[in-house]
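Worksheet: the structure to be examined is printed underneath.
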Amino acid sequence: MMSFSFLPNAVLVLCVGALVQMLGVAIGRNVARDAVIGLLVLVASLVAVSMPTVLYMAGSVALFAPDVWASYSAVLIILSAIAIHIMSWRNAVVSDATVGSEYYLLLTLATLGGVSMTGAVHDVSFFLGLETLSLPLLGLIAFRNGRIDAGEAAMKYIVLSGVASAMLLFGFALTYLETGSLRFIAPNTGDMPEPLLATMGTVLVLSGMFFKLSAVPFHLWLADVLEGTSIPVAALVAVLSKIALFAAMVRYFASVNLYMSGPATNEVIAVAILSMVGGNLLALVQTDLRRMLAGSSIAHIGYLLVAFLSPGPLSFASSAFYLAAYSVSTLGIFALMAGIMPQGTDIRDWHGMFRRRPMAAAAMSIMLLSLAGIPPAVGFFAKFYIAAAGMAGGRLGLLLILVMSSVIGLYYYLRVIRIMLMPAPVERPEREVTSPWFGNGALIAVLACVTLLFGVFPGTLVDLGRNLIVMPSPPPGSSGQP
Amino acid sequence: MAALLPLIILCPLAVAVILLLSRGTMPARATCGLVGVGMGLCALFGVIEAVTFLNGPDSTGALHVVLWHWIHVGGFDTSFALTLDRLSLVMMLVVSCIGFLILVYACSYMRDDPDIARFFVYMNLFVASMLLLVLSSDMIAVYFGWEGVGVCSYLLIGFWYHETPNANAARKAFVVTRIGDALFLVALLLLATGVGSLDFNAVIQAAPHAPHAAITLATLLLLGGAVAKSAQLPLQTWLPDAMAGPTPVSALIHAATMVTAGVYLIARLHAVFLLTPGVMLLCAVIGFVTILFAAGSALVQTDIKRVLAYSTMSQLGYMYMALGCGAWQGAMFHLVTHAFFKALLFMAAGSIILRVHHEQDIFKMGGLRQEMPGVFWAFIAGSAALAGLPLITAGYFSKEMILTSAYNVAPLFWLGGILGAFLTSIYIFRCVFITFWGEARTHAHGRTGIVQAVPLAILGVLAIIGGWMEVPDSLGSVHIFSNLLSPVLGELPEEHGGAVLLLIGSIVPLIGVSLAWMLWKPTGRAPEALDQPLVRVLRADWGFDALYDVVFVRPYLALGRLNRNDFIDRLYDLLASVTQFFGRAFGLMQTGQVRRYAAWIAVGTVLALCLAV
C-alpha cells in the first residue's frame, strides 16, 4: 500500500537553521551575529508551525503525526526556547567570544530534538528526537568552562541519561519482539501470545521517560544538574525537555484506556503520588533556589500526571493548560534569577528584595504565587482545571494527595516571598544586584503579565485547550496519512 | 427618582472614603465643611426622594432599584437592590436628617480633637451602613449594613482608645452584640436555605408555606439579633458602657438610629412574625421587662449620660412591647419621636459636658439654669417629651399609642407601661432638678456656639410638635403618620377605652414630675447620691454585669488560661515537624553519588516490573 510520510515544518526549519549556524561558526566567530541568527531561526520555526506542510516523503513508515497536540507542544517548546535564548544573552559565559557561538547552536539543536519528539509516532523518530535533545543538553550543562560543578553535573547527566536511554531502547526492543511493530505506542497486551514481554517493554519505556521527566524515584539527577549548570540551561532542563517528554508520553498512551487498572496505569499512579509528595518534600528543606525549583518541578510533573490519569474531556485540555502555566511561571523565575542575581542562588540572598528591587520582587512574587496555585495568577486556574479533570475522571484519591502536597508547596513558595519582604540580616553582606538587560526585562514583564492575564481571563487558553480534546490521534497503522 | 436612591448612600460613603484617604492631613475646618456638604446632600436627596416618591405613581407601593445581580448559583439568587417603600422612607428620613443635624453638631463638639478626621470617617461610614440597612431589599445587604453599623459602633465607643476603660467598653459592646449578630446570621442562613432567596418579599411570601417550626426558629433567632442590637434584656449590658464614646456618637448610634435597627427589621418582617404568636408574646414580654428594669436603674444613676442610656433602653422596651402586641405603627411612631427627643437630650447633655470641663456627674453640676439658658430649655423640651407630659410633647402621643394597643392585648402590659412612664418622669426630672436648679457646684465656661444651638433648636421644636402628626380619636383624630405607613404595616386597629386610658396616661407623668420636685427641689444644701446596698445593685445594672462576669466571662477566661499552650496548635506543629522530618529524610537520597542515583533508577524500574508482573 502506498502511503506518505511527512516532515513537520518546524523540524525542517530547525534542521536548516542548525546547518546555517554551523556554517557561521565555520566561517568566523561572532557571538552577537550567531545569537541573532539563532533567534531568527527560532522565530522562523515558530512561524513555520502554522504553515501548511511542505515536505511530503514517499514511504511506508509514518514518522510524525500532523495533529494539534503536536503543534501546541511545539509552539510551547519554541516559545520557551526563545525565552531561554533571551535570558542567555549577556550571560558571562555565553558572551565569551571563544565559545559563545556554539551555545546558540546547541540551543537550536535541543529545540529541534524537543519539537521532533512532540510529533513522533515512530520509535525511531522519538528516540532520535530524544537524543537530539539530550546530547546538546549535555554540552549546554557543561558550558560553564572552568567550573568544576558544571562538569560534574554534565557527567552525572550523561551517565544517568545513558542508563535511561538504554532502558528505553530495551523496552522498545521487547515491544518489537512481541508485536513486530515499531509504532510509538503502548501495546495492547490483551491479544498477545506472550503478554508479559509486552508489559515489561511498556514498563521499561515508561521508566526511561520518567527519568527524563525526573519523576520520583528517577528524579535524583535533577537537583544536582540544576545546581551545577548556568541559569538559562537550568531553565532549559526544567521546562523545555519536560514539555517535550510529557507531550510524547501523552501520545504514547493514547491507545491505553487509563480508566482500567493495568500495569502501566499502576506505575503511572504510583509515580504520580511519589512525585507530588516527594517533590514537595524535597523542595521544603532546600536553601538553594535552584534546588528548590528542582523539587517544585518534580512536584508539578506529579500534578500533570494526575491530569494525564484522568481520562475524559478535560484531561488533555487541562494538561495543555497546566504545561503552559507551569512553563510561564518557571521561566519567569529563571529569567529573574538570570537578570537580577546570576550568582545569588541562595534563598537568603533575596533578603530585602522588595526594598532593593520592588518591581523584580513583585514579578517574582507573581511567579511564585502562580506556582503555588494562588489566584489571581494563572497557576490557580491551572490547578483548578486539573482538579476539575480529576473529579470528572473519578481520581479522588490522587486529588486528595494533590491538595495535601500543594499545602506543603505553599510553605516553600511563600517562604521566598517572606524572605524578600524581610530586611537583610546585618551580619551577612548583601549580594550585589544587577540590572537585567532590556530584552530580559521585557521578557520578565511579558511573563508576569501573561501569568496575571491568563489567571484573570483564562478563557483564551481554555478554548485553545478544548481544541485538543480529540487529540492526539493515535498513530496510523500500516497506512499513513494521505 | 430611582437615580437618587443610591446617591443617598453614596454621599456619606464618599465623604468617609475621602477622609480616609486624606489620612488626617485635612484641616479641621475643611473636614467639617466636607462632612457638612456630604451629609447635607444626603439629607437633601433623602427629602427630595421622599417628596417625589409620595407624589409619584406608586406612592403606596415600592420603588425597586436593582444595582447589580450579585450571586446566582445553585438555586440561590441574590441581587444588590434597594427598595423604597413607606416604611424604609420613614427610616431613611430619620437616619439622613437626624444624622445630618447630629453630624453638624459634632463638627462643633469635636472641633478641638486632633483625630477629628478619623471620627468623621467612622461617623459617615456608620450613616452609610445604616442607610444601606434600611434601604436594601435583600437581607444579605441588610446583614452587611448590620455588621457595618456594629463595627462603626465599636470603633466609635473606643474612639478615645488611649484610655483602657473606653477600649474595654468598646470590646464589651462588640462581643455582646456579636451574640445577637451570630443569631441573626443563623436566621439568615436558615431563611436562605429554606426560601432560596433573602429578598424580603420572597421571604414574606414563602413564610406561610414553610413548616411552622422552621419559621418559629427563624423569627426567634431574628428576635435574638434584634434584642442584642437594641440592648434589651438579657443582652442589655453593653449600652450603659457604650457611653464611653463621644456624646454625638451616643446621640446618633446609641439613641436615634442603630439601636432601633432591630425594631425596623421586625416591623419590616411583621408578616412573618404574625405567623408566630409565641415569638411575638416573647418580644412583648422582653420589652415589658426591659421598660421597668431600665427605668429602675435610671432612677439611681449619677452620670448624666448613663441616665440617658438607661432611658434609651427603657424607651426601646416600649417599642418592643408595641411590636409584640402587633402595634407596628405605634412602634415606628415611637421610634421617630424617640429619635427626636433622645438625640436632643444627648446633644444637650453633650453641650453641658463640654461647658463644665467634661464633668458627667450630675451631683457635681447644679444651678446651670442661669448659666446656660438655651441648653436648659432644650433639655427641658427633651425631658418633657421623654416623660410624656400630656398634649404638648411628642413622646406623649407615641407612648399613648403604644399603651392603648398594649391594653387591647393585655392590661398587664398597659400597667407596666404606665408604671414605666411614672418612673421615667421621676428619673428624668430628678436629673433636670439636680442639674439645673439649686446651688452652682461647678462653673460653666465658654458659650454654646451657633453650630450647636441650631440642631438643638430644631430638634427641640420637633420634640414638642412632632407628636401632632398622630393624635388619637378622643383628642382630635389626626392620623398623618399611621396613614403614611398603613400601605406597608396595615390599617390601625379600632381603639377601645381610649379616653380613660388617655386620662390616666396624662396624669401619671405629672404626678411623677411633682414627686421628683418634692424629692429633689433645691433645699439649700447639696443633694447627695444615695448609697444603700440596694441602690448600688440597681446602679450596677441590677447585678447583671456581676452575674455575667461570674457565669460567662470568668469561666471563659479560665478556659483560655487552661489552654494557654493551645493544644490544638500542637497538632499542627506536629504536622509541620513531621513534614520537615520527611523532607530531610527524603533529602538524604540526594547523596551526589552517581552510582547511588543509578541504583535508585534500577530499584524504581524493578519495583515497577514487580508491580506489573
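Under 16 Å Cα to Cα from residue B:172, which lysines show up? Leave out anything in the same chain fewer than 8 places away.
Reachable lysines: B:229.
What average count of beta carbons from other chains do you get within 10 Å of the Cβ of residues in B:591-603? Mind showing how you got there, number by number?
Values: counts 2, 6, 3, 11, 1, 1, 11, 8, 1, 7, 13, 4, 2.
Going residue by residue through B:591-603 and averaging, the value is 5.
Starting from the exponent 0.38 and prefactor 2.2 Å, build the expected Rg for region B:20-72 from its residue count and divide its actual Cα Rg by it.
Scaled against compact globular proteins, the figure is 1.75.
Using Cα atoms only, what is the angle between the long axis of helix B:139-157 and the major principal axis of chain B, expressed in degrees (0 to 90) to the nearest 10?
Compared with the principal axis, the helix lies near 70 degrees.
For chain B, take the longest principal axis of its alpha carbons; what is the angle in degrees between that and the long axis of helix B:304-324, to the nearest 10 within 0 to 90?
Taking the Cα atoms of chain B, the angle to B:304-324 is about 80 degrees.
Sort A:301-313, A:345-357 by the packing proxy (mean of other Cβ within 10 Å over each peptide's residues), most packed first.
A:301-313, A:345-357
With 5 Å bins from zero, work out the P(r) of region B:331-459 over every alpha carbon pair and list the percent per bin.
2, 11, 19, 21, 17, 12, 9, 6, 3, 1, 0
Using the basic label-point model (7 angstrom from Cα toward the beta carbon), what is the residue A:159 to residue A:44 distance in nanometres?
4.1 nm
In debye to the nearest 20, how big a dipole does region A:164-319 give about its Cα centre with +1 on each Lys and Arg Cβ and -1 on each Asp and Glu Cβ? Working shown, then result.
On the way: 6 positive and 7 negative charges, 69 e Å.
The dipole of region A:164-319 has a size of about 320 debye.
How large are Rg and Dmax for region B:293-526 when calculated on the C-alpha trace, in angstrom?
Both quantities, over Cα of region B:293-526: 17.7, 57 Å.
About its Cα centre, how strong a charge dipole does the protein assembly as shown have in debye, to the nearest 20, once Lys and Arg get +1 and Asp and Glu get -1 at the Cβ? Kindly include the intermediate steps, with their values, before the conclusion.
Working: 54 positive and 53 negative charges, 385 e Å.
That gives a dipole near 1840 debye.
Name the shape class, rounded, prolate or oblate, that the alpha-carbon gyration tensor gives for region B:568-612, where a ≥ b ≥ c are the square roots of its eigenvalues, rounded holds for a/c under 1.5, and otherwise prolate holds if a/b is larger than b/c and oblate otherwise.
Oblate, because a/c is 1.5 or more while a/b does not exceed b/c.
Strictly greater than 15 Å: what percent of every Cα pair in region A:52-144 meets that?
65 percent
Taking 0.36 nm per residue of sequence separation and subtracting the Cα-Cα distance, how much length would be gained by fully extending the chain between residue B:415 and residue B:580, in nm to one decimal?
52.2 nm is the gain from fully extending residue B:415 to residue B:580.
Rounded to the nearest Å, what's the spacing between the alpha carbon centres of region A:250-324 and region B:300-376? Just the number, please.
70 Å
Would you count, across region B:293-526, every pair of lysines whose alpha carbons are under 20 angstrom apart, provided the pair is eight or more residues apart or spans two chains? List each step's numbers first, then the result.
Values: B:305/B:342; B:305/B:364; B:342/B:399; B:364/B:521.
Close lysine pairs found across region B:293-526: 4.
Which of B:542, B:161, B:501 sits closest to the plus end of the dipole of chain B, meaning its Cα is farthest towards the positive end, when Lys and Arg get +1 and Asp and Glu get -1 on the C-beta?
B:161
Give me a single rounded figure for A:201-210: the average over its residues of other chain Cβ atoms within 10 Å of their Cβ.
Rounded to a whole number, the mean comes out at 3.
Give the cysteines in the protein assembly as shown for which no other Cys Cβ lies under 4.7 Å away, or write none if there are none.
Here A:15, A:449, B:97, B:152, B:283, B:325, B:431, B:610 come out as lacking a disulfide-compatible partner, given the Cβ-Cβ threshold of under 4.7 Å.
What is the helix-to-structure angle for B:277-298, meaning the angle in degrees between its Cα long axis and the longest Cα principal axis of chain B, kept from 0 to 90 and rounded to the nearest 10?
Its long axis makes an angle of about 60 degrees.
Any chance you could check the Cα centroid distance between region B:408-424 and region B:183-245 for me, in angstrom?
After rounding, the separation between the Cα centres reads 26 Å.
Can you give me the P(r) profile for region A:280-358? Cα pairs, bins 5 angstrom wide beginning at 0, each as a whole percent.
Taking all Cα pairs of region A:280-358, the binned fractions are 3, 14, 19, 20, 16, 12, 8, 5, 3, 0 percent.
Positive end of the dipole of chain B, charges at C-beta (+1 Lys, Arg; -1 Asp, Glu), about the Cα centre: which of B:592, B:362, B:64 has its Cα farthest in that direction?
B:592
Any idea what the alpha-carbon Rg over 2.2 N^0.38 Å comes to for chain B?
Cα Rg divided by the expected 2.2 N^0.38 Å: 1.12.
How big is the gap, in Å, between the Cα center of region B:11-37 and the Cα center of region A:404-459?
The two parts, judged by their Cα centres, are 38 Å apart.
Once the dipole of the protein assembly as shown is set up with Lys and Arg at +1 and Asp and Glu at -1 on Cβ about the Cα centre, which of B:227, A:57, A:238 lies farthest towards its positive end?
A:238
If the cut-off is 23 Å between C-alpha atoms, which lysines fall inside it for residue A:156, apart from same-chain ones fewer than 8 positions away?
Partners found: A:212, A:242.
Give me the one-decimal Kirkwood hydrodynamic radius in Å for region B:94-182, with the sum taken over alpha-carbon pairs.
By the Kirkwood definition, the hydrodynamic radius is 13.9 Å.
Where does each of A:221-228, B:540-547 land if you order them by average Cβ count within 10 Å, highest first?
Ranked by mean Cβ neighbours within 10 Å, highest first: A:221-228, B:540-547.
Packing-wise, with mean Cβ within 10 Å as the measure, how do A:422-433, B:193-204, B:418-429 rank, highest first?
B:418-429, B:193-204, A:422-433
Residue by residue through A:149-159, how many Cβ atoms from other chains fall within 10 Å of the Cβ on average?
Counting Cβ atoms of other protein chains within 10 Å of each residue's Cβ and averaging gives 1.
Please arrange B:266, A:86 by accessible surface area, largest first, computed with a 1.4 Å probe and ligands excluded. Write down the numbers at each step before the final one.
On the way: B:266 5, A:86 40 Å².
Order by accessible area, largest first: A:86, B:266.
List the extent of the Cα atoms of region B:159-207 along each of their three principal axes, largest first, rounded to whole Å.
In descending order, the Cα extents are 49, 15, 12 Å.
For region B:372-435, what log10 I(q)/I(0) values come out of the Debye formula at q = 0.16, 0.25 1/Å, with one point per alpha carbon and no solvent?
Rounded to two decimals, the profile gives -0.55, -1.01.
Just to check I understand the Karplus step: with θ = phi - 60° and J = 6.51 cos²θ - 1.76 cosθ + 1.60, what whole-Hz values come out for region A:31-44, glycine and proline as x?
4, 4, 4, 5, 5, 5, 4, x, 5, 4, 4, 4, 5, 4
When the helices in chain B are scored as -39500 (n - 2.57) per DSSP H run of 4 or longer and the sum is shared across all residues, what 222 nm value do you end up with, to the nearest 500 deg cm²/dmol?
-22500 deg cm²/dmol
To the nearest 0.05, what FRET efficiency results for residue B:391 and residue A:426 with a Förster distance of 60 Å applied to their C-beta separation?
0.15
If the viscosity is 1.002 mPa s and the temperature 20 °C, what translational diffusion coefficient in µm²/s does Stokes-Einstein give for the protein assembly as shown when Rh comes from Kirkwood over Cα pairs? The partial results should precede the final answer.
Numbers: Rh = 34.7 Å.
After rounding, the answer is 62 µm²/s.
Tell me the Rg and the Dmax, in Å, that the Cα atoms of chain A produce.
21.5, 77
Give me the dipole magnitude in Debye, nearest 20, for chain B about the Cα centre, with unit charges on the beta carbon: positive for Lys and Arg, negative for Asp and Glu. Each step should come with its number before you reach the end.
Working: 31 positive and 32 negative charges, 330 e Å.
In debye, rounded to 20, chain B gives about 1580.
The values are calculated or read from the model by the stated rules, or taken from the named source; none is laboratory data. In this text the structure is predicted, and so the values were computed from the model without any measurement. Cβ atoms come from the backbone with ideal geometry, glycine included; neighbour counts cover every protein chain shown. Just so you know, the surface numbers come from the protein's heavy atoms only, side chains and all, with ligands and any DNA or RNA stripped out. Shrake-Rupley method; radii C 1.70, N 1.55, O 1.52, S 1.80 Å.
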